[in-house]
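S.K.: Just dropping this structure here.
The values are calculated or read from the model by the stated rules, or taken from the named source; none is laboratory data. The model shown is predicted, which means the values in this text are computed figures rather than measured ones. Note that each Cβ is placed from the backbone with ideal geometry, even for glycine, and that neighbours are counted across all protein chains shown.
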Amino acid sequence: MVIKNNNLVKIQYLILLTLLMCISYLTMAQGKIDIEGHRGCRGLMPENTIPAMKKAMDLGVTTLEMDIAISKDQQAVLSHDPFMSADFVLKPDGQPVTAAESKSLKIYELNYEEIRKFDVGSRGNAKFPKQQKMAAYKPLLSDLIDSTEAYARNFNLPTPYYNIETKVSPEGDGIYHPEPEGFMKMLIPVILSKGIEKRVIIQSFDPRTLEIVHRDYPEIKTALLVENKEGLEINLKRLSFKPTIYSPYYLLVDDQTIRDCHKQEIKIIPWTVNTQAAIEDLINKGVDGIITDYPDLLIHKNK
């Protein structure tokens, strides 16, 4: 039996179309890995600074991960530590912050005008020898968002997502930060005013701020940070709801934890994964994202 040429062409076209659809599906599946630049890209640039976030965007991260503290004048400031770290901060007079004075220089006891005068980049961080040394400061969250959104527009980059950690603990209430309700009243309005709530994750080790987000702003995603060995089931019981993301220390992640998260439709994104071998192992196991100080190690895995 001879098939007419036009029918043969149609069959070949359908086969080709099917192959292209399969390739497209596989490409999209691989692209679901959320590449999160930890504190921007702490391994390469001064942490929690605008230059670190821009560098991370240049490298192709999906999400900018950052930490928030509250200043004396009630502004949301990027800072992991609730004080000026002796590891890398220079005082306004150019002298290094010492270990003896570090914890007396609390973010919560300084107005932002004072905070801005500390240099967090020129000294470098000995723990990250590849980190570029450059003058830098702790930015306001509002300024950081304005800068990164403009950077994306100006250089035709994808608009970033923001993974924002609330640096709170029961022991720190009233000492290093406001109590959770007060903290969120200073953080959430910034997010809403910038119109980025659909691209924001609020993450925390402290369930209290996550409960506030779930109660008052259910459209905003949440991530439970974990560094204990109690396991998924016990940790999830710390919340009255199911978070969007379960985010454990990467050495706590195993195949069963990944399967159990996915069964509950919870994404699992471990932190902070800084070697090529560990990154590849976790991706092969099926995690939904990677938080890393070195996003340059991860980008090629997502292409």
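S.K.: Residues that are crowded, with 17+ Cβ neighbours inside 10 Å, of a type in the set (F, W, Y) and over 19 Å from P51 (Cα atoms): does region 77-88 have at least one?
M.R.: Yes - at least one qualifying residue is present in region 77-88.
S.K.: Take the residues of region 271-288 that are assigned to a helix (DSSP H, G or I) and free of Cβ contacts under 8 Å to residues at least 24 places away in the same chain: which is surrounded by the most Cβ atoms within 10 Å (Cβ to Cβ)?
M.R.: Residues of region 271-288 assigned to a helix (DSSP H, G or I): 276-285.
In the following step, the residues that additionally are free of Cβ contacts under 8 Å to residues at least 24 places away in the same chain were identified as 276-277, 279-281, 284.
On the way: Q276: 13, A277: 9, I279: 23, E280: 15, D281: 14, N284: 9.
Checking each candidate, the answer is I279.
S.K.: For region 120-220, give me every one of the helices (runs of 4 or more DSSP H) that falls completely inside it and has 1 or more residues that are under 30 Å from P96 (Cα atoms) and either modelled with pLDDT of 95 or more or in contact with a Phe, Trp or Tyr (Cβ under 6 Å, 6 or more places away or on another chain) (or both). Give the steps one after another, and end with the answer.
M.R.: Details: elements: 141-154, 180-194, 207-216.
Once the helices (runs of 4 or more DSSP H) in region 120-220 are filtered for at least 1 residues that are under 30 Å from P96 (Cα atoms) and either modelled with pLDDT of 95 or more or in contact with a Phe, Trp or Tyr (Cβ under 6 Å, 6 or more places away or on another chain) (or both), what remains is 141-154, 180-194.
S.K.: (1) out of contact with any helix residue (DSSP H, G or I) (no Cβ under 8 Å at 6 or more places or on another chain); (2) within 22 Å of I175 (Cβ to Cβ): which one isn't true of D119, the others all being true?
M.R.: (2) is the only condition that D119 fails.
S.K.: While we're on this one: Restricting attention to region 237-247, and to residues there that are buried (at least 20 other Cβ atoms within 10 Å of the Cβ) and free of Cβ contacts under 8 Å to residues at least 40 places away in the same chain, which single residue is nearest to W271 (Cα to Cα)?
M.R.: Y246
S.K.: Going residue by residue through region 150-164, is there one that turns out to be within 12 Å of I70 (Cβ to Cβ) and either out of contact with any Leu (no Cβ under 9 Å at 6 or more places or on another chain) or outside the structural domain of S102 (by TED's automatic domain parsing) (or both)? Before the answer, list the steps.
M.R.: Taking region 150-164 first, the residues within 12 Å of I70 (Cβ to Cβ) are none.
Looking for residues that are within 12 Å of I70 (Cβ to Cβ) and either out of contact with any Leu (no Cβ under 9 Å at 6 or more places or on another chain) or outside the structural domain of S102 (by TED's automatic domain parsing) (or both), one finds none in region 150-164, hence no.
S.K.: May I pose another question? How do the pairs read when you match residues in region 146-170 that are within 19 Å of H38 (Cβ to Cβ) with residues anywhere that are of a type in the set (F, W, Y) and assigned to a strand (DSSP E or B), using Cβ under 9 Å and keeping only pairs 6 or more apart or on different chains?
M.R.: Close Cβ pairs satisfying both conditions: T148/Y162.
S.K.: Okay, next question. In a strand (DSSP E or B) and either under 23 Å from D67 (Cβ atoms) or at pLDDT 95 or above (or both): is that true of S240 in this structure? Break it down into steps so the answer makes sense when it comes.
M.R.: Values: in a strand (DSSP E or B): no; either under 23 Å from D67 (Cβ atoms) or at pLDDT 95 or above (or both): yes.
It is false that S240 is in a strand (DSSP E or B) and either under 23 Å from D67 (Cβ atoms) or at pLDDT 95 or above (or both).
S.K.: Quick test of your reading of the structure: I234 fulfils all but one of (1) farther than 22 Å from E47 by Cα; (2) outside any loop (DSSP other than H, G, I, E, B); (3) among the hydrophobic types (A, V, I, L, M, F, W, C); (4) within 20 Å of the chain's Cα centre (by Cα). Name the failing condition by number.
M.R.: It is condition (4) that I234 fails.
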